[in-house]
Amino acid sequence: ALPGHLLRGLLPLLTVFRLERAEGAARRAGLSTQPIWRKLWDDVMKTRPPNSENITCWRKKFLETFFSNVLHGVLDVSSDWRLNDHHFSPLLHSSPHVSQLTLCNMLQGAVELTAEHNQKVLENLAVSLRILKFQHLLSSDQSIRRSLVLLLHRLIHHGSVSQVSMYSWPVPDTVLLVLILSMSAGFWRSGNALTCQSSPCGLCREKDKAQSQESAQERAERGHCDGREWSDGENQKGSPRAPEEADAEVNRCRADVCLNSVLSGLRSHLQNQACEEASSKVPCDHSSSQGGSSHCISDQLSCHPVLRKTRRRLKSAAGKKRRCLRRSRGPYADPDDLYDFVFTVAREDNSGLLDKNSTTEGENAENWTSSSPGSPCTGHAVCKKRGGSAGIFSLKAAHRFRSVSTLELFSIPLTGETCRTLSNLLSSWVSLENLVLSYNGLGANIFCILSGLRALSRHSDCHLRVVRVSDVFSHMPCMELVCCILSAFHRLHTLSVSFDLKNQLEVNRPDANPSCSEAEIPESCLEQLEIRFPREPLHTAFLVPVLKASKSLQQLSLDSATLPCSQEFGLLLEALKECNPNLKKLSFHDMNLAEHQKEVLLLLQDPVLQEITFSFCRLFESSTTEFLSEIINTVKRNTSLKSLKLPGNRLGNHRLVALADIFSEDSFSSLCQLDVSSNCIKPDGLLEFTKKLEGHIQQRGGQIQFTHLRLFQNWLDQDAETAQEALRRLKAVCSVVNDSWDSSQAFADYISVM
């Protein structure tokens, strides 16, 4: 109720607790607390956050970082008087503002969050948290893994976490990795382990109780419940049941609910499971759930020991006693429960799936790419050599919960065993929308992952829209991998395939794989395609079918490809013009276009493209001044081009100064962004460019659309005073992004690796 001028003077004097409570009053008074939260950040955190120019709410940024720092013990709340308030509970009061959280090292944060005194904190996180990250993890003991189980179950299965990301784990703990992957996919333990009254999760008990009561009511209405209590077997029909008998009825119905949950989670896997247990000689792959699955399901129900035991009515006292003992021990009675579950997933005994007549890896790759969309993987020697086909996933003890929609794995080596587990999880992960696998050392195990993705594509409710795969070595040609994925996922919006080098196996393979060129790619919804070739030749014969199938393509990026002949680049441009009328952004990186000046000019004339990137393409390596003039005149006439990026093309001072003519008085250009990073630009050249640009702006009466100039990694440190003057004058015209780059050290580093 304070007047605005008093409130304005009072806000900087408040503690974090009081400032948070005064937020509403400040908003009603038309006052912004953003400067105060920004000052708090500077005083308490004492660091500059990355991308600070993009931070829209310093209150949220401060409280979210504050929560993480307190949780990991790197911030002492007594270090600043604004944090030291006896009313202020650091984790409790900041948790509602946490949308992303990183857990690292020994997972101490998971232990703290699942402690009894932080129950309310965990409830707040279940509502606010969207992104959960793991970084630099180390091996953990059983008690820590139990805490992680409770945390993931609450935040993912009963919370709002939609993204799980893992970073930099050079030697991953298989138990921990599989645990995180499985729970992210919505799988954990058997149905009765999380639905018994002894379960630590009240949400599971409440949900199961409601389902059990509903099921019991439906059975009572149909007349199926009478006379089937789990008691001593006496007929109680027509007489009121005792309380303990009613409880027994609820337990029986709970078991039915558990069975239904398990069946729903297993439905896409039952055929594999039935084949696995029915035959030890026939390999079993991901196969279609349509047509022929009902027989497998019935066989599975009759032969699967867990399902058989869950489904049948146990009337003996001994059976009842065993159930009671099992419930009384609780879900964590046996210290090996967690270990056993994880390795049931990760190391299922697939010895019966070995195929003595397995084919070679190359043949299997060909089988995968040539199979029709939606067809199962025909089996891979990689999987068979390691003990079974990809796609065999044991869910005997699993219950299906809510799963995340984004999975990212960065710099985490994946063994064949882990790849098979991930493949099996992917095969039914219908909620997954974004999959990022970056530098995981997949090698030949890429076929295992592809098998799981192929199985996932057969689900009508599959939501996968973004796939990004990058690694050091490629085990198959990039275009072959692109065709494989697109042939299965026609609804994919973004596909990125990136490899640094070919491995020796792939080097020895022929460049032209018939299976790739002959694979039929259905019309897709692809909007963004990024391919980084490991110095592979760019064969347009393989790329054109992809472009023809991608009528909605808006962004295309080609990186590190070689041009086998001079005609290939021209054929590519013709295909783009014919097949992709909606293409808005086109990028070439690390491709030698010095001998393709005509094609470069044709691209700059395109009336549809809005952003063009020639990054480290050696454009001016052997060019003449006429070529630069033609580029400038072409851009001046192009009214659709908004962004031109020319990093790493040896512009130098004189060419940069010439580029200022793009904004001359007679120009029709709509260019807003220009990137001239890594172009050997010196301070005097930048100052001359600035003066010429100012002259053109004055001639046009200040009417210019140019807004952004990028100057990273240029030689501006050679004359600091001149560089500062040029930058000061440039910033009055447009937004300038540059860095403090030591050109002498960079040159020394360059010489040292030559």
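The values are calculated or read from the model by the stated rules, or taken from the named source; none is laboratory data. The structure displayed is predicted, hence computed values, not measured ones. We place every Cβ from the backbone using ideal geometry, glycine too, and count neighbours over all the protein chains shown. Note: areas computed on protein heavy atoms with side chains; ligands, DNA, RNA excluded. Shrake-Rupley method; radii C 1.70, N 1.55, O 1.52, S 1.80 Å.
Checking the structure you have, find out if any residue of the stretch 56-78 is under 29 Å from GLN135 (Cα atoms), touching a residue at least 60 places away in the same chain (Cβ under 8 Å) and not charged (D, E, K, R). Looking for residues that are under 29 Å from GLN135 (Cα atoms), touching a residue at least 60 places away in the same chain (Cβ under 8 Å) and not charged (D, E, K, R), one finds none in the stretch 56-78, hence no. Here is the figure for the stretch 700-720: residues that are of a type in the set (Val, Ile, Thr) and under 37 Å from the mean Cα position of the chain (by Cα) total 1.
If we only count helices (runs of 4 or more DSSP H) wholly inside the stretch 471-532, which ones have 2 or more residues that are at negative phi and at pLDDT below 90? Lay out the reasoning, then the answer.
Values: elements: 478-488, 504-507, 514-518.
Per the criteria, 504-507, 514-518.
Test GLU20 against the stated conditions and say whether it is acidic (Asp, Glu), under 29 Å from LYS133 (Cα atoms) and crowded, with 19+ Cβ neighbours inside 10 Å.
For GLU20, the condition - acidic (Asp, Glu), under 29 Å from LYS133 (Cα atoms) and crowded, with 19+ Cβ neighbours inside 10 Å - is met.
Filtering the stretch 551-574 to residues that are polar (S, T, N, Q), touching a Phe, Trp or Tyr at 6+ places or on another chain (Cβ under 9 Å) and open to solvent by 20 Å² or more (accessible area, probe 1.4 Å) leaves SER557, THR562. Against the test of being at pLDDT 95 or above and touching an Asp or Glu at 6+ places or on another chain (Cβ under 9 Å), the options LYS133, LYS120 yield a single qualifying residue, LYS133.
For every residue, the table says whether it meets (1) under 33 Å from the mean Cα position of the chain (by Cα); (2) open to solvent by less than 10 Å² (accessible area, probe 1.4 Å); (3) farther than 30 Å from SER498 by Cβ.
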position: CYS579; (1), (2), (3): yes, yes, no
position: LEU602; (1), (2), (3): no, no, no
position: PRO607; (1), (2), (3): no, no, yes
position: GLN610; (1), (2), (3): yes, no, no
position: SER615; (1), (2), (3): yes, no, no
position: GLU626; (1), (2), (3): no, no, yes
position: SER629; (1), (2), (3): no, no, yes
position: LEU659; (1), (2), (3): no, yes, yes
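The residue list LEU138, LEU150, LEU132 contains one member that is open to solvent by 40 Å² or more (accessible area, probe 1.4 Å) and either under 11 Å from ALA110 (Cβ atoms) or polar (S, T, N, Q) (or both), which is LEU150.
Residues satisfying the criterion are present in the stretch 91-100 (criterion: in contact (Cβ under 8 Å) with a residue 12 or more places away in the chain, surrounded by fewer than 16 Cβ atoms within 10 Å (Cβ to Cβ), within 26 Å of LEU155 (Cα to Cα) and of a type in the set (Ser, Thr, Tyr)). Here SER431 meets each of (1) of a type in the set (Gly, Ala, Ser); (2) surrounded by fewer than 18 Cβ atoms within 10 Å (Cβ to Cβ); (3) modelled with pLDDT under 95 with one exception, condition (3). Taken over the stretch 581-600, the criterion of being open to solvent by 70 Å² or more (accessible area, probe 1.4 Å) and of a type in the set (D, E, K, R) is satisfied by LYS585, GLU595, LYS598. For the stretch 86-126, a residue qualifies if it is in a helix (DSSP H, G or I), closer than 30 Å to SER411 by Cα and in contact with a Ser or Thr (Cβ under 6 Å, 6 or more places away or on another chain), and the qualifying residues are ALA110, VAL111, LEU125. Filtered by the rule that a residue be under 17 Å from HIS117 (Cα atoms) and open to solvent by less than 30 Å² (accessible area, probe 1.4 Å), the stretch 64-89 gives PHE67, LEU71, PHE88. Just so you know, in the stretch 732-754 the residues that are among the aromatic types (Phe, Trp, Tyr) and open to solvent by 80 Å² or more (accessible area, probe 1.4 Å) include one that is modelled with the highest pLDDT, and it is PHE747. Count of the stretch 401-428 residues, restricted to those that are farther than 19 Å from SER498 by Cα and open to solvent by 30 Å² or more (accessible area, probe 1.4 Å), is 5. Of all residues in the stretch 671-719, those being at negative phi, out of contact with any Lys or Arg (no Cβ under 8 Å at 6 or more places or on another chain) and in a loop (DSSP other than H, G, I, E, B) number 10.
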